[in-house]
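Okay, so here's the structure we're looking at.
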Amino acid sequence: MPSHPLRVAVVCSSNQNRSMEAHNILSKRGFEVRSFGTGTHVKLPGPAPDKPNVYDFKTTYEQMYNDLVRKDKELYTQNGILHMLDRNKRIKIRPERFQSCKDQFDLVITCEERVYDQVLEDLNSREQETFQTVHVINVDIQDNHEEATLGAFLICELCQCIQHTDDMENEMDELLQEFEEKSNRPFLHTVCFY
C-alpha cells in the first residue's frame, strides 16, 4: 500500500463532464485528486452540433454558466449543461489543462484514447527530474451525463483497489485485467517517469 494517499489526476478533453464527475466522487471518497482537460479550448454543446460554445481555459465555470444563461437558459437547462456547470463551480473555479500542470501524480486516469495519447506525449516530453513512476491508465467513457457517472464510479472503485494494493508496481497489470473482465471495457496502461 502506498505510504501516502494516492495522488490522482483525472483527465478528459475539456475538464467539464467526465473528469469533473470523477473528481467530485473521488474527492468525496477522500482521494487527493485534481482534474484536467487536454484540449486547446473548452468546448460545450451549442444550439447545433456544428456550433459548440468555445471558451478559453482561463474562463471560470461561473462565467460559462452566466454566458449560457444569457444565450438560451431553457436550452442549456434542458440539455443539462447548466446543471453540470453548477456542479463544476462548486468543485473548483475553472477548468485546467493537464499540459500546464507540473504537479506530480501517482496515477493519471484518462477518459478516452485520444486524451491518453496527449497525456503520454506531454509526460514523455518533460525533462525527467525525480524518476518517480506515474501510472497512466485509460478507460473509454462516452461524453454524456449517464456514462460520466458510471465511469466515475468505475474510476473510484479502481482507485480504491489500487490504494489498497501491497505492491502497486507489480500488481497493476493483474488488477487492470480483473477490471477489464468485470466492466467489459478495455483499459490501456503505461508507466512514465517524472
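Could you please find all residues in the stretch 31-73 being open to solvent by 30 Å² or more (accessible area, probe 1.4 Å) and of a type in the set (Phe, Trp, Tyr)?
Tyr65 - this is the single residue of the stretch 31-73 that is open to solvent by 30 Å² or more (accessible area, probe 1.4 Å) and of a type in the set (Phe, Trp, Tyr).
State the number of residues belonging to the stretch 159-192 that are part of a loop (DSSP other than H, G, I, E, B) and not charged (D, E, K, R).
4
Pairs please, first residue from the stretch 135-163 and at pLDDT 95 or above, second anywhere and among the acidic types (Asp, Glu), Cβ atoms under 6 Å, 6+ apart in sequence or on different chains.
Asn138/Glu113; Asp140/Glu112; Ile141/Glu147; Ala148/Glu21; Thr149/Glu21; Ala152/Glu21
Residue by residue through the stretch 96-148, note down the ones that are in contact with a strand residue (DSSP E or B) (Cβ under 6 Å, 6 or more places away or on another chain), closer than 17 Å to Gln16 by Cα and hydroxyl-bearing (Ser, Thr, Tyr).
Scanning the stretch 96-148 gives Thr110, Tyr116.
Taking the options Gln104, Gln160, name whichever one is open to solvent by 60 Å² or more (accessible area, probe 1.4 Å) and under 21 Å from Arg34 (Cβ atoms).
Of Gln104, Gln160, the one residue that is open to solvent by 60 Å² or more (accessible area, probe 1.4 Å) and under 21 Å from Arg34 (Cβ atoms) is Gln160.
Is there any pair linking a residue in the stretch 178-191 that is under 16 Å from Ile162 (Cβ atoms) and free of Cβ contacts under 8 Å to residues at least 60 places away in the same chain to one that is of a type in the set (S, T, N, Q) and open to solvent by 50 Å² or more (accessible area, probe 1.4 Å), with Cβ under 9 Å and at least six apart or on different chains, and which?
That search, which allows pairs on different chains as well, returns Phe187/Gln177.
The values are calculated or read from the model by the stated rules, or taken from the named source; none is laboratory data. Values in this document were obtained by computation on a predicted structure and should not be read as measured data. All Cβ positions, glycine included, derive from the backbone under ideal geometry; neighbour counts span all protein chains shown. Note: accessible area is taken over every heavy atom of the protein model, side chains too, but ligands, DNA and RNA are not part of it. Shrake-Rupley method; radii C 1.70, N 1.55, O 1.52, S 1.80 Å.
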